[in-house]
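Step one of this worksheet: look at the structure below.
The values are calculated or read from the model by the stated rules, or taken from the named source; none is laboratory data. The structure presented is a predicted model; accordingly, all values stated were derived computationally and were not measured. Here the Cβ positions follow ideal geometry from the backbone for every residue, glycine too, while neighbour counts run over all protein chains shown.
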Amino acid sequence: MTDKIYEKVMKEMQTKPMYFPISYDCTWGGNKPKKYIPKQVIFNPPATIVIWKDGTKTIVKCYNEDFDFEKGFAMAYLKKVFGGRNQYMEYIKSATRQEKK
């Protein structure tokens, strides 16, 4: 990155609010809110590995579909917050309204 571009980016970061939704407090899976902040994200198709600041690691893989960086990270985040795929699928089912026939 050139010095001029770096200076422009740093100036914008100081004048505009920065939002990082990955560090907000979540209350699923426990009584106390927890922060889920990634320390390192490794994309190694077909796997996405997220190492969290609390020292834990979450690994997700895609099967029978194209690898997508964004979806891999999103699925790893959901797995971390809810504890696993089954837990967040149950949450989605409970939050979805049934259609009336």
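List of remarks:
- Taking segment 85-101 as the range and being surrounded by fewer than 11 Cβ atoms within 10 Å (Cβ to Cβ) and of a type in the set (F, W, Y) as the test, no residue passes.
- Taken together, E99, E90 contain a single residue that is part of a loop (DSSP other than H, G, I, E, B), at pLDDT below 90 and over 13 Å from the mean Cα position of the chain (by Cα), which is E99.
- The number of residues in segment 38-58 being aliphatic (A, V, I, L, M), within 19 Å of R85 (Cα to Cα) and surrounded by fewer than 13 Cβ atoms within 10 Å (Cβ to Cβ) comes to 0.
- Filtering segment 60-84 to residues that are surrounded by 17 or more Cβ atoms within 10 Å (Cβ to Cβ), assigned to a helix (DSSP H, G or I) and modelled with pLDDT of 90 or more leaves G72, F73, M75, A76, Y77, L78, K79, K80.
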